[in-house]
Amino acid sequence: MSVEFCGLTLAHPVINGSGTFDAIAARRAFGEQLRERFPFAAYVSKTITLEPRAGNPPPRLWEAPAGLINSIGLPNKGLYDYVREDLPALGEIGIGARPGAGGTDPSVPLITNVMGASAEELAQLLEVCNERTEIAALELNVSCPNVKTGLDIGADPRQLEAVVSAVRGRTDKPLIVKLTPNTADVPDCALAAEHGGADAVSLINTLRATALAPRRSPGGSERWLGGGSGGLSGPAIRPVALAQVAAVAARVKIPVIGMGGVQSAAHARDLLDVGATLVAVGTESFRDPTVAARIARELARGVPAGEPIGAAREDSGA
Ligand code: RRO
């Protein structure tokens with residue numbers, strides 16, 4: 001069930017959503033098993049910025065009905081330590097092309113997700129990554145709902161096109177733009193990314209959300225999350241993701257990576273059926289780190305279209 005995506009041949013259409021699977025930590029937990037049975041057809045890194053970032057103060061998570069609100073705030077070691085420490089560590093797990101291995105390289109392609117506070121910063125991120133043969137493609141995060149970088153460009157088609165076209169020439173690698181769902185016209189933004197020179201778009205990132213502190217002063221509105229607000233993921237956002245992926249796939253010619261609340265092969269099938277080329281699994285991997293492998297296996301076997309109609313629904317007479 002191999003899939004062609006931006007010049008890469010992937011073993012199957014299931015990858016991870018950025019920031020939802022830490023392969024280096026998973027190696028510590030699962031050892032060699034992780035390498036032998038890596039669940040994703042390509043591995044997407046957590047967002048990397050030029051300088052190291054500590055992220056938001058805790059609490060960073062809130063469990064919502066059928067979902068998870070995160071306010072992680074982009075913690076990462078910065079570009080240079082990522083290149084120096086993480087690329088070799090990922091290589092040991094079989095992630096990232098081995099220099100000189102050529103077409104027979106069995107490693108899992110590495111997609112590095114980056115975010116910059118300016119076009120100059122982004123250009124530097126792309127240029128440094130462009131020199132790294134381990135990296136197969138780049139994903140530009142213009143959609144984080146947690147930090148005010150002044151770069152809310154992902155929500156504005158004109159700014160998005162300007163930034164993508166300003167940095168496009170800094171890398172020969174496929175450039176994926178991860179869109180924000182928190183804007184009035186997501187297909188317009190997708191089209192802007194395509195016009196700016198993106199090779200693919202990915203969506204959806206988390207939906208802006210917040211939670212109040214459970215024990216707060218009477219009548220108070222103190223927030224639970226250290227960062228104030230966060231982003232909602234998980235099954236709660238699946239129908240929104242399906243609508244946005246369908247609308248974007250109908251508008252652009254470039255490939256689409258669809259994600260949002262995928263828990264099963266039927267959910268993945270839905271996104272593929274509305275036009276996604278690849279599907280990413282995110283929040284569900286926190287519950288079951290092997291779920292993506294099962295989804296890929298079931299997709300290959302063929303799943304019936306649509307969600308199975310549960311007994312509860314039939315009983316209710318709906
Ligand atoms: O780090 C985060 O808080 C974060 C990021 Br960069 C993102 O793109 N989406 C999200 O829900 N959280």
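The values are calculated or read from the model by the stated rules, or taken from the named source; none is laboratory data. The shown structure was predicted, so the numbers you read here are calculated from the model rather than taken from an experiment. Here Cβ is always computed from backbone atoms with ideal geometry, including for glycine, and neighbour counts include all displayed protein chains. All accessible areas refer to the heavy atoms of the entire protein, side chains included, with ligands and DNA or RNA removed. Shrake-Rupley method; radii C 1.70, N 1.55, O 1.52, S 1.80 Å.
The table for this structure:
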quantity: Whole-number percent relative contact order across region 68-219, with pairs defined as alpha carbons under 8 Å at least 6 apart; calculated: 20
quantity: GNM result for the chain, Cα springs below 10 Å: residue of Pro39, Pro289, Pro106 fluctuating most strongly; calculated: Pro106
quantity: Residue among Leu207, His195, Thr183 farthest towards the positive dipole end of region 153-239, charges placed on Cβ; calculated: Leu207
quantity: For region 117-211, convex hull of alpha carbons as volume per residue, Å³; calculated: 94
quantity: Computed accessible area, Trp224, all protein chains, 1.4 angstrom probe, square angstrom; calculated: 80
quantity: Structure-based [θ]222 nm, the chain - -39500 (n - 2.57) summed over DSSP H runs of at least 4, per residue, nearest 500; calculated: -8500 deg cm²/dmol
quantity: Ranked packing of 194-200, 112-118, 231-237, most packed first, by mean Cβ within 10 Å; calculated: 231-237, 112-118, 194-200
quantity: Tensor-based shape of region 162-318 (alpha-carbon gyration tensor, a/c under 1.5 rounded, otherwise prolate or oblate); calculated: oblate
quantity: Estimated distance in nm for a label pair at Asp172 and Thr290, the labels positioned 7 Å out from Cα along Cα-to-Cβ; calculated: 4.1
quantity: Residue-normalised accessible area of region 197-287, given per residue in Å² at a 1.4 Å probe; calculated: 39
quantity: Cα centre as origin, Lys/Arg/Asp/Glu Cβ charges: region 32-168 dipole, Debye; calculated: 200
quantity: Contour excess over end-to-end distance, with Cα ends at Val240 and Glu51 and 0.36 nm allotted per residue; calculated: 64.7 nm
quantity: Cα shape, region 1-130, gyration tensor, a/c 1.5 rule; calculated: oblate
quantity: Nearest-20 debye value, the chain charge dipole, Cβ charges on Lys, Arg, Asp, Glu; calculated: 560
quantity: Size of region 183-247 as Cα extents on the principal axes (Å, biggest first); calculated: 51, 23, 17
quantity: Residue order for Leu110, Leu61 - accessible surface, 1.4 angstrom probe, largest first; calculated: Leu61, Leu110
quantity: Computed FRET value (nearest 0.05) for Ala300 with Leu212, which takes r as the C-beta separation and R₀ as 35 Å; calculated: 0.20
quantity: Selection from Val142, Ala64, Phe40 lying farthest towards where the dipole of region 26-170 points positive, charges on Cβ; calculated: Ala64
quantity: Normalised contact order of the chain, rounded percent, pairs of Cα under 8 Å and 6 or more residues apart; calculated: 18
quantity: Tensor-based shape of the chain (alpha-carbon gyration tensor, a/c under 1.5 rounded, otherwise prolate or oblate); calculated: rounded
